[in-house]
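Participant: Dumping the structure here so I can ask a few things about it.
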Amino acid sequence: MEELIPLVNKLQDAFSSIGQSCHLDLPQIAVVGGQSAGKSSVLENFVGRDFLPRGSGIVTRRPLILQLIFSKTEYAEFLHCKSKKFTDFDEVRQEIEAETDRVTGTNKGISPVPINLRVYSPHVLNLTLIDLPGITKVPVGDQPQDIEFQIRDMILQFISRESSLILAVTPANMDLANSDALKMAKEVDPQGLRTIGVITKLDLMDEGTDARDVLENKLLPLRRGYIGVVNRSQKDIDGKKDIRAALAAERKFFLSHPAYRHMAERMGTPHLQRVLNQQLTNHIRETLPSLRSKLQSQLLSLEKEVEEYKNFRPDDPARKTKALLQMVQQFGVDFEKRIEGSGDQVDTLELSGGARINRIFHERFPFELVKMEFDEKDLRREISYAIKNIHGPLSDPAFPRSLGSRTGLFTPDLAFEAIVKKQVVKLKEPCLKCVDLVIQELINTVRQCTSKLGSYPRLREETERIVTTHIREREGKTKDQILLLIDIELSYINTNHEDFIGFANAQQRNTQTNKKRAIPNQVIRRGWLTINNISIMKGGSKEYWFVLTAESLSWYKDEEEKEKKYMLPLDNLKIRDVEKGFMSNKHVFAIFNTEQRNVYKDLRQIELACDSQEDVDSWKASFLRAGVYPEKDQTENEDGAQENTFSMDPQLERQVETIRNLVDSYVGIINKSIRDLMPKTIMHLMINNTKDFIHSELLAYLYSSSDQSSLMEESAEQAQRRDEMLRMYHALKEALGIIGDISTSTVSTPVPPPVDDTWLQPA
């Protein structure tokens, strides 16, 4: 069991050198006490040497992890300069002061970054202690105003750990009930299981008083009891009084003092050192099982990442070739998975890759098509002008030829064709916009997939550049093909199409063409929306669960759909955009009735708010499927003024109405065709082509762009991370090996029984 403390020292060193990536609470003793309570003197007495900075005020300004190791030779070494062995302990003091000033500055600032000092000596027992800054109340020098809270937080950081024993140092010439050390120990260890009391300055008590009741654990009992020590005075230290002589004087003091002589064997620095050694050994033994399980869980979490680094040789060309092939292959697989939404590339936080492209195809693009639908008044005026212009100068506009005076559809036919072509040309803009949106998503997907190549910055950069360049090349071909589709539609107006209503039906058809709706009870969408424009007097904005069907919009209290708040029929409803409110991060759109009726209670429109513009676009697309269209920008006055410039006779009006119905029918056919062909064209020419390019040609392009060694050059961060991870892995393995060799079945000394601690009232 004597090997337990050196074992923890090894673990402490290993993990201190690695950094903070291993959060293990190693068993240790934290020394806590008020400023100038004698903490540092107790530690010096353990070592038998003067090696700690001394003086009045705050001297210990960084935690000092002091590892005492029994050895035949006497020397000290620091973790931050491991190669140097200090045999002169004055140099140790100077190094502590210099290292403290390096981090905290030359004034009185403090820092939680510890200094690791290891002392080898034949006069010590194996022990690990942490000397913490003394508890202070008033800022000194350029210390911050909250110095008391900073020190308190630092101390709590060390003593809160269940694996730490607390050495509470209190001077005997101060009332024990006012002890800051005991008060803080009580906060984190209310049962007193981890606290050991140390009473210093027993020789400075007023004549006629003693600390017998305290040391006998009667006044303020602790389960592990109290031990008294007598340190050297400042005068002794200044006079370079030898510590061995001081320890002899301490022994003489306890043996000769009438109040303490009966317990002299349980007092003094040597006894304190033996007790701490025994208590720490027992404590380590008790915490070993949990320490082992923590080490094992850390090792398991590292195992997978370390696997690829175990036999790593940075300059091996075979490794570089293999890594390049694997990474390009993995990039291709990741890209495909993100587009198809399968495997480990499924994003659970937001829409990405294929899902976003799917939304563009089936929500955004149809919405863009509907948005550019023609304005009714403009269309009628254009048809009437077209008919008049086609009649030409030989006919009197007041007496247009009848539709039956020529064979077939001749006169209206030309007007119909001119109007249809004008409407079809308008499709180019939303189609090209759709291609741009898909390209942006593809490039984002490529960037997300290349994030795994971050270890090799040059490879990542080249892969991104090559694939993005290819996508841009395909952009031109895809857009040409889509424009070709529209030109094909323009080249021949097929009036014999099976879905085309034809001339006879167009004449009989009502001007108010019935909107094609989905199956009446079919639910198109469900989701949360906020009704944004309810006044504060009536309850203010509130979130509801909305259900949109082909015939109505209903909202409920919650998604259980039991308590219906309202049902709004979709007849005569339209959508309009609403600007975001001041200091609001919600995106809003509104539903209103085209016949100027209230939509809900006394509201002419209800404003519905979503968290993002994407949600707004998605809801608008859902409303389109239900037959609720966006509002058109109408310039009523201009239309009225122009309409008044001519008056249509009944025959011309019939012709306009007929062609209007024919145009509506034919443009509907083309829209349907384009909505079907657009996603297919983009998938074939761009997305599937990019997949094939990555799988079959990317590697060749990479080899031709630059040599393999420069491509597979590691980033400095990656090399450092690999080294740290391997060091951590080996440290954890070594620690588990050492712990595995120790039997934890040894019978330990039981913890003393509970004591009455009602005296320690909470602050």
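Participant: Tell me, in nm to one decimal, what length is gained between VAL425 and ASP571 on full extension, where the rule is 0.36 nm per residue of separation less the Cα-Cα distance?
Facilitator: Computed gain between VAL425 and ASP571 is 49.5 nm.
Participant: Roughly how many Å² is the accessible area per residue of region 29-267, as a whole number, for a 1.4 Å probe?
Facilitator: 44 Å²
Participant: Tally up the carbon and sulfur contribution to the accessible surface of region 523-630 as a whole percent, 1.4 Å probe, everything protein left in place.
Facilitator: Carbon and sulfur together cover 46 percent of it.
Participant: Residues with beta-carbon under 15 Å from that of ALA248, excluding ALA248: net charge, scoring Lys, Arg +1 and Asp, Glu -1?
Facilitator: Numbers: positive: ARG232, LYS241, ARG244, ARG251, LYS252; negative: ASP203, ASP236, ASP242, GLU250.
So the environment of ALA248 carries a net charge of +1.
Participant: What percentage of all Cα-Cα pairs in region 184-329 are separated by more than 20 Å?
Facilitator: Percentage above 20 Å: 67.
Participant: Shifting gears a bit: Could you give log10 I(q)/I(0) at q = 0.09, 0.10, 0.11 Å⁻¹ for region 29-267, computed by the Debye formula over C-alpha point scatterers of equal weight, without solvent?
Facilitator: Log-scaled intensity ratios, in q order: -0.38, -0.47, -0.57.
Participant: Calculated FRET efficiency, ASP436 and SER673, Cβ-Cβ r, R0 22 Å, to nearest 0.05?
Facilitator: 0.55
Participant: Could you run the Debye sum over the Cα atoms of region 25-122, one equal point scatterer each and no solvent, and tell me log10 of I(q)/I(0) at q = 0.18, 0.21, 0.22 Å⁻¹, two decimals?
Facilitator: Result of the Debye calculation: -0.88, -1.22, -1.34.
Participant: Then there's this: So for region 523-630, considering every pair of alpha-carbon atoms, how many percent are separated by more than 21 Å?
Facilitator: I get 29 percent for the Cα pairs in region 523-630 exceeding 21 Å.
Participant: Further, regarding this structure: Hey, what's the Cα Rg ratio for region 539-590 versus the globular rule of thumb, 2.2 N^0.38 Å?
Facilitator: 1.33
Participant: On to the next question. Read phi for every residue in region 120-131 and hand back ³J(HN,Hα) as whole Hz from Karplus 6.51 cos²θ - 1.76 cosθ + 1.60, θ = phi - 60°, with x for Gly and Pro.
Facilitator: 9, 7, x, 9, 10, 9, 4, 7, 10, 10, 10, 7
Participant: Further question on the same structure: Determine the alpha carbon to alpha carbon distance for each of LYS320/LYS691; LYS477/LYS620; LYS186/LYS235; LYS620/LYS680 and list only those over 26 Å.
Facilitator: Beyond 26 Å: LYS477/LYS620; LYS186/LYS235.
Participant: Taking the convex hull of the alpha carbon atoms in region 420-493, what volume per residue do you get, in Å³?
Facilitator: Per-residue hull volume (Cα only) is 60 Å³.
Participant: Using 20 Å as the cut-off for backbone N distance, which residues of region 660-700 belong to the label zone defined by a point 7 Å from the Cα of ASN494 along Cα→Cβ?
Facilitator: Residues passing the 20 Å test: 662-682.
Participant: Taking only protein heavy atoms into account and a 1.4 Å probe, give the accessible area per residue of region 523-630 in Å².
Facilitator: On the way: 5850 Å² over 108 residues.
On a per-residue basis, region 523-630 sits at 54 Å².
Participant: Run the accessible area of region 159-236 with a 1.4 Å probe and give the carbon-and-sulfur part as a rounded percent.
Facilitator: After summing per-atom areas, the C and S share lands at 45 percent.
Participant: Starting from the amide H of TRP528, placed 1.01 Å from N in the peptide plane, find each other amide H under 5 Å away whose residue is 5 or more places distant or on another chain.
Facilitator: Under 5 Å from the amide H of TRP528: PHE546.
Participant: Quick one: if the Förster radius is 30 Å, what FRET efficiency do ASP101 and ASP238 give, using the C-beta to C-beta distance and rounding to 0.05?
Facilitator: It comes out at approximately 0.85.
Participant: Let me ask something additional. Express in whole angstrom the spacing between the alpha-carbon centres of region 545-608 and region 667-703.
Facilitator: A separation of 38 Å, based on Cα centres.
The values are calculated or read from the model by the stated rules, or taken from the named source; none is laboratory data. This structure is a prediction, so every number in the text was calculated from the model and none was measured. For neighbour counting, all protein chains shown are included, and Cβ atoms are generated from backbone atoms with ideal geometry for every residue, glycine included. Side chains included, ligands, DNA and RNA excluded: accessible areas come from the protein's heavy atoms. Shrake-Rupley method; radii C 1.70, N 1.55, O 1.52, S 1.80 Å.
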